[in-house]
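As structure tokens, the structure follows; a few thoughts come after it.
The values are calculated or read from the model by the stated rules, or taken from the named source; none is laboratory data. Keep in mind that this is a model prediction, so the values were computed, not measured. Here Cβ is always computed from backbone atoms with ideal geometry, including for glycine, and neighbour counts include all displayed protein chains.
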Amino acid sequence: MLCRRLQKSGFTLVELLVVIAVIALLVGVLLPALSSARAAGQGAVSLSNMRQMATAWTTYAYDARDIMVPSQPARMPNFEDNLYDVGNGMHYRPKWFALIGAKSPEMFAYAVPSQRQEDEHSYPVTNEVWLCPVVPDWVSSRNTAYGYNYQFLGNARFLGGPVGLSTSYVRFPVRISSIRTMSETVLFASSMGSAAGKPAADRTPNRTDGSRDPELRAMGGHGYALDPPRLPGDNDWCDPQNPGAEHRSAPDPRYRGRANIVFCDGSARAMTLEELGYEVARDGRVLADGPLATNRFFSGTGIDDDPPSFNPER
């Protein structure tokens, strides 16, 4: 009698399959929601970190007597002139984020800075403030996750090319007081680097060792330098060794189709590339000369200005 009751209280095969199907259905419904919530959380962490970066940028400018940080100091002929204080030591030609991070121990980019020239691009960033939670492995100094509006805010590369061809910089120094539209001028943004000029299907993973992709298709290549939407052609490019629209940089819409943007007044928000003035082709290429492209959110004047010419004769 007891055995019969136990048999009757058990699940039949059909009932068990129904339960499994219901559980699978619930998992299928919940996973996208959990994934979306996780992505939203990562985007919020990124924006919070970027606001801290903006505060450090402002502190740097005021300490430097109104002069904004360059994307990277110029390459000088004397080795010692290429060493800069990044807060916890001297580092060889640090990128913009390491320079402004020197203002606070919580913002130091490197646990131990390096004075070796060979570490200029490959040296890994160790402070999570400077790393994007969506792409946490983008740790190299060159192929990094956030790009600076260097064309308009501070480009200390020499006009025309390497040392010896010119004694003038492309656009440096630039004073923070010269920005007319602080709340509408991009300071820096999540960056996809020089992969922006390629079709989305052709882009390859980030080279986390800081090396230059031989085919120039890797995500984040020269990500530290953010090109504005409209590039007339005689301007500098994010990768100075490979100029041209095909190798341009642009913001990375890695946060559910939007890029995280910080403006010079410290405000931050997620925006589409089109909202920022970029023109994107159907295949995902970010164009350099599209008729709809405008630099008004990059120029500092609120006007669609050309970026500085790279030609020393102009």
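Below is a table of values for the structure above.
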| quantity | calculated |
| --- | --- |
| Of residues in the range 68-83 being modelled with pLDDT of 95 or more and within 22 Å of the chain's Cα centre (by Cα), the one surrounded by the most Cβ atoms within 10 Å (Cβ to Cβ) | M68 |
| Verdict on E274 being surrounded by fewer than 17 Cβ atoms within 10 Å (Cβ to Cβ) and not in a loop (DSSP other than H, G, I, E, B) | no |
| Given (1) among the basic types (K, R); (2) closer than 24 Å to S141 by Cβ; (3) not in a loop (DSSP other than H, G, I, E, B), index of the condition R269 fails | (2) |
| Among the residues listed as G210, G233, the single one being touching a strand residue (DSSP E or B) at 6+ places or on another chain (Cβ under 8 Å) and either in a loop (DSSP other than H, G, I, E, B) or crowded, with 24+ Cβ neighbours inside 10 Å (or both) | G210 |
| Neighbours by Cβ (under 7 Å, 6+ apart or cross-chain): first from the range 224-241, under 15 Å from S299 (Cα atoms); second among the hydroxyl-bearing types (S, T, Y) and surrounded by fewer than 21 Cβ atoms within 10 Å (Cβ to Cβ) | P229/T294; R230/T294; N235/S309 |
| Residue within the range 38-59 that is buried (at least 17 other Cβ atoms within 10 Å of the Cβ), among the basic types (K, R), closer than 27 Å to R230 by Cα and in contact (Cβ under 8 Å) with a residue 12 or more places away in the chain present | no |
| Qualifying residue in the range 243-252 (condition: of a type in the set (G, A, S), in contact (Cβ under 8 Å) with a residue 12 or more places away in the chain and surrounded by 21 or more Cβ atoms within 10 Å (Cβ to Cβ)) | yes |
| All positions within the range 182-207 that are in a loop (DSSP other than H, G, I, E, B) and out of contact with any Cys (no Cβ under 8 Å at 6 or more places or on another chain) | M192, K198, P199, R203, P205, N206, R207 |
| Criterion (closer than 21 Å to N295 by Cα and among the charged types (D, E, K, R)) met by exactly one of E184, E128 | E184 |
| Residue count for the range 61-116, restricted to those that are more than 18 Å from R171 (Cβ to Cβ), among the hydrophobic types (A, V, I, L, M, F, W, C) and touching a Gly at 6+ places or on another chain (Cβ under 9 Å) | 7 |
| Enumerated strands (runs of 3 or more DSSP E) restricted to the range 74-160, each holding at least 3 residues that are in contact (Cβ under 8 Å) with a residue 60 or more places away in the chain | 146-148, 155-158 |
